[in-house]
Amino acid sequence: MSSFFIKKKVISAAPNKGDLKRKSNADDGKGRSKKFSKRMDEEISSDSENESADPSRKQQENEDDEIEETPQEKKLRLAKLYLEQLREEEDKKAEQDSFEADLIAGRLQDDVLEQKGKLQRLIAKELIAPDPAEIRLLRGHKLPVTCLVITPDEKYIFSASKDCSIIKWEVESGKKAQKIAGGRKGTEARHVGHTAHVLCMAISSDGKYLASGDLNKLIMIWDPMTCKHLYKFKGHREAVSGLAFRRGTHTLYSASHDRSIKVWSVDENAYVETLFGHQDMITGLDCLSRERCVTAGGRDRTVRVWKIAEESQLVFHGHEGSIDCIQLINEEHMVTGGDDGSISIWTVNKKKPVSTVKQAHGSHGNTGLEQPYWVSSVAALHNSDIVASGAHNTHTHTQQQVSLMANKPTTGFVNSLKFSNSGKFLVAGVGQEHRLGRWWRIKEARNGIYIIPLKRQAQEPTPP
């Protein structure tokens, strides 16, 4: 059995020639089939590798196959794309222009309201009486302070005195930044500065020029940054008692005890013209943006509005005594004070005061012989409902359109008052004597400037 199996195996394992030939042909067919399949696999593998290596190129080829545009169609497509980009840019520009136009319109509206005297900040009800401990006194002048100005950026205060000096103070620290020393009488030829009482000062709205006027009929022009002397204006025949720059320009108006108003161009270092009208010495002057100024005429008891371009003037009457100080509230309203003890509010459309507070600072003297305290200075926070007045009864009054709001104790003659532009503080120039004379002398008073902070009540948040 075993050998039979082996034999059969052997017999089956020994094919004939025909079988061998058929087997050979089958093997060749299978080989060719395997080679063809292998070549196809290699080609497919190669194609797939190329596709995975550069899909973007394949995608681009597909897109090129799908989008076959003519040159005319391509030009049209690019033109549409360019027009769309232009349209988007125009829309963005229109939005920006609209935003800027709204801003400009708002500013122009404010300017128009300001010119008409109708722009008003109602802040009087928000003011809080300051703590006396927060009021600072800066001392440096030997004689009474007569006038002061605050720089537009509110960083410095300039004060002047009967000692002929001008001091520049730092508001934040209270320290002296610089000092323009006064000279003695008879040293005018060699001394750079004032040699007589400085009665008035003004600073331009851009802070480029500082002007000061004295008892010697002179107007000095200074550089506020360096305190360098620039020009000297001569022309008045008596003491210079009032100075003011027209806002936004370097046009300077000056008033004098010679009863005249003079106009100067500081940029050109030149005199422009002179205006006459008052019947007594002019004691105060002020102006804002319009080409006009207002003056107080002392004992002629008139307030005058000078229209420079028209060369005309408006005359107002109302005080019972000498009008010693004047300040514009806005382009249409002003406040005055005088030795009759009254404070008056005026409008340019009416020849009489629209409001008056008599004996605003009280009175003094024996019974039956009482005399009102002179109002020696007034100030107004521009375009607001706040004014301030000073006398020599140891108080400065802050008022809501001459309705009493608060008293600030200051001993001495309050010869000058100025609000900061932001309304954050009030500065008072105080001395032992009145700025225009020596009728009284308060020995216990200290010559200097008081910085009075003006705080407001916190605003309650509005509900959403």
State which residue pairs qualify: first residue more than 14 Å from Leu328 (Cα to Cα) and inside the range 240-261, second residue buried (at least 20 other Cβ atoms within 10 Å of the Cβ) and of a type in the set (D, E, K, R) in any location, beta carbons under 6 Å apart, and separation of 6 or more residues or different chains. Ser254/Lys262
Scan the range 323-349 for residues that are open to solvent by 10 Å² or more (accessible area, probe 1.4 Å) and over 32 Å from the mean Cα position of the chain (by Cα) and jot them down. Asp339, Asp340
Those residues that are touching a Cys at 6+ places or on another chain (Cβ under 8 Å) and either in a strand (DSSP E or B) or among the aliphatic types (A, V, I, L, M) (or both), I need them from the range 273-304; list them, please. Gly284, Leu285, Asp286, Cys293, Val294, Ala296
In the range 370-393, how many residues are under 15 Å from Ile150 (Cβ atoms) and either of a type in the set (Ser, Thr, Tyr) or in contact (Cβ under 8 Å) with a residue 60 or more places away in the chain (or both)? 3
Qualifying residues in the range 412-446 (those that are basic (Lys, Arg) and in contact (Cβ under 8 Å) with a residue 24 or more places away in the chain) - the one surrounded by the fewest Cβ atoms within 10 Å (Cβ to Cβ): Lys424
Enumeration of residues in the range 215-242 that are open to solvent by 10 Å² or more (accessible area, probe 1.4 Å) and within 29 Å of the chain's Cα centre (by Cα): Asp223, Met225, Thr226, Cys227, Lys228, His229, Leu230, Tyr231
Go through the range 218-252 and report how many residues are assigned to a strand (DSSP E or B) and out of contact with any Gly (no Cβ under 8 Å at 6 or more places or on another chain). 12
Unique match (being surrounded by fewer than 21 Cβ atoms within 10 Å (Cβ to Cβ), more than 29 Å from Lys443 (Cα to Cα) and not polar (S, T, N, Q)) among Lys208, Lys185, Lys175, Lys179: Lys208
Within the range 202-217, track down each residue that is under 19 Å from Thr251 (Cβ atoms) and in a loop (DSSP other than H, G, I, E, B). Ser204, Ser205, Asp206, Gly207, Lys208, Tyr209
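The values are calculated or read from the model by the stated rules, or taken from the named source; none is laboratory data. Remember, it's a predicted structure, so these values are computed and weren't measured experimentally. Please note: Cβ atoms are built from the backbone with ideal geometry, for glycine as well, and neighbour counts cover all protein chains shown. We work out accessible area using only protein heavy atoms, side chains counted, and drop any ligands, DNA or RNA first. Shrake-Rupley method; radii C 1.70, N 1.55, O 1.52, S 1.80 Å.
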